[in-house]
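Since the structure comes first, as structure tokens, the remarks are kept for the end.
Read-outs throughout are calculated quantities, based only on the coordinates presented, and are distinct from any laboratory measurement. Because the structure is a prediction, the values reported are computed rather than measured. Here Cβ is always computed from backbone atoms with ideal geometry, including for glycine, and neighbour counts include all displayed protein chains.
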């Protein structure tokens, strides 16, 4: 069902609704933005942790190989 509404009333109501929406969502915009930035930073840190875990594993393997070489009488530990 359609009801005739004067254009001025429709425009005024639309403006009030826009203002209400802006007033009710404005306090959360910064919060949501900060949360998105935290998520991005967390993803970057997860990648860095994975890189460091890989490096640690490689270093442990290297230390183990050197230790085994030294224990087997292959020479002095370096």
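Structure notes:
- Projected over every direction and averaged, the convex hull enclosing the alpha-carbon atoms of the range 14-78 yields 6.1 nm².
- Note on residue 32 and residue 68: their simple-model spin labels are 5.6 nm apart, each label 7 Å out from Cα toward Cβ.
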